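Have a look at the structure below, then the notes.
The values are calculated or read from the model by the stated rules, or taken from the named source; none is laboratory data. Bear in mind the structure is a predicted one, so any value in this text is a computation, not a measurement. Using ideal geometry, Cβ is built from the backbone for each residue, glycine included, and neighbour counts are taken over all protein chains shown.
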Amino acid sequence: MLPGSPYVAYRDARLHVEGCALDDLAARFGTPLYVYSRAAMLAALADYQRALAGREHLICYALKANSNLAVLQLFARAGCGFDIVSGGELERVIAAGGDPAKVVFSGVGKTRTEMRRALDAGVMCFNVESVAELEVLSQVATAAGATASVSLRVNPDVDPRTHPYISTGLKGNKFGIAHDEALAAYRRAASLPGLAVQGIDFHIGSQIVDTGPYLDALDRMLDLVESVEAAGIALHHLDLGGGLGITYTDERPPSAEALVGALLARIDERGHGKRRILLEPGRSLVGNAGVLVAEVLYLKPSAVRNFCIVDAAMNDLLRPAMYEAWMAIVPCAQRNTPAQTYDVVGPVCESGDWLGRERALAVEPGDRVAVLSAGAYAMSMASNYNTRGRAAEVMVSGTDARLIRDREQPHELFRGEHLL
Ligand SMILES: *Cc1c(COP(=O)(O)O)cnc(C)c1O
């Protein structure tokens, strides 16, 4: 069994995503190539939907995890709203047919231009992260003759026990309003023109594999809800953020159904069961659904290390270089020859350009390998470093494969630049 998704598996020694062999897709679309399983994405969503059945709720897919228009379209059609963190992401949601009235706008550094556009588009709620932002949003809304619905992102100061770069709910983080300053911030929000307080939100980090930190954060948030309402400010929704982890190697995160079930049980116990529930999952909806396919260019043995040089690099997949993330790398066609240990690296001119270290692989030049669980924070973090065009993307459904993003061509990379 491969770690990650049941929709990515060997059949007759050939690696498939649903009913499509990755070697066939690579021959048809080239490499590096991102391939996503539609069924895996919908199954991940269904896991959340089951937990929330019968309750007033909205699942807002956090599209920074994977913002391809076809992925957004899939989730929009399945009833999702979206969690955005920029004006650019709002335009993507609209272009994909998503409903702005189901959008929550998060992020610590929203500009006035982004606020105005979001108000004009009619987003559902601004998740505000500072008192300074409240003041600016009030000015922008008043000038537009509009009312901005707001939720305050509260920093519960709990440790999600994940990588420091992806923990966001600790005191020293730039995110959210400190727990002990939140009541004053709500009072300020309620007093400002052009704002309507709607709810409260938290998001404590990403790739979290325990339920404990969520429950701690939830308890801290519910304490606050009680004091805010005692101050006469009504809160209509509870936004529990995202952050649920996935299996890259041997992690055992709770299922979405189990996690959300535990959170809802605590909410009910504490007498808050009537409130609307918002969730902002990103990684857990798409991460296991995707793979990155690369071709082996060269095998380069050396005295200390053997390198397997592939045509995908850190510009295509930054997670290993940025977070030291371990992602499984497996051949697209299994060979019966003995495996050798390789560092799997790309062509980019950085020693940090690696996809995996000390991996046992039986491969030859011209073979293809797949990096598994590459559906989240992978293509969406891709860059053009070394003037490398970004990879093509394909969505698979059964035996059907659709190109959902063209491979970038060199001339597109310097379009918009000017000679002196
Ligand atoms: C990134 C982010 C999410 C999604 O996090 P995942 O770990 O991908 O589920 C949700 N809410 C906010 C505010 C975020 O910044």
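Rundown of residues vs (1) under 30 Å from V291 (Cβ atoms); (2) modelled with pLDDT of 95 or more, yes/no style:
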residue: P160; (1), (2): yes, no
residue: G176; (1), (2): no, no
residue: A189; (1), (2): no, yes
residue: V197; (1), (2): no, yes
residue: S206; (1), (2): yes, no
residue: D210; (1), (2): yes, no
residue: A234; (1), (2): no, yes
residue: G242; (1), (2): yes, yes
residue: V260; (1), (2): yes, yes
* To do: Looking at (1) closer than 29 Å to G389 by Cα; (2) within 16 Å of the ligand (Cβ to nearest atom); (3) touching a residue at least 60 places away in the same chain (Cβ under 8 Å), find the lone condition where A39 falls short.
  => (2)
* Asked: Wholly within the stretch 220-314, which strands (runs of 3 or more DSSP E) include no fewer than the required count, namely at least 1 residues that are outside the structural domain of D24 (by TED's automatic domain parsing), of a type in the set (D, E) and out of contact with any His (no Cβ under 7 Å at 6 or more places or on another chain)?
  -> 237-239
* Taking F82 as meeting all but one of (1) in contact (Cβ under 8 Å) with a residue 24 or more places away in the chain; (2) surrounded by 20 or more Cβ atoms within 10 Å (Cβ to Cβ), write down the number of the exception. => (1)
* Identify all residues within the stretch 337-352 that are surrounded by fewer than 14 Cβ atoms within 10 Å (Cβ to Cβ) and either charged (D, E, K, R) or without any contact (Cβ under 8 Å) to a residue 24 or more places away in the chain (or both); write none if there are none. => A339, S351
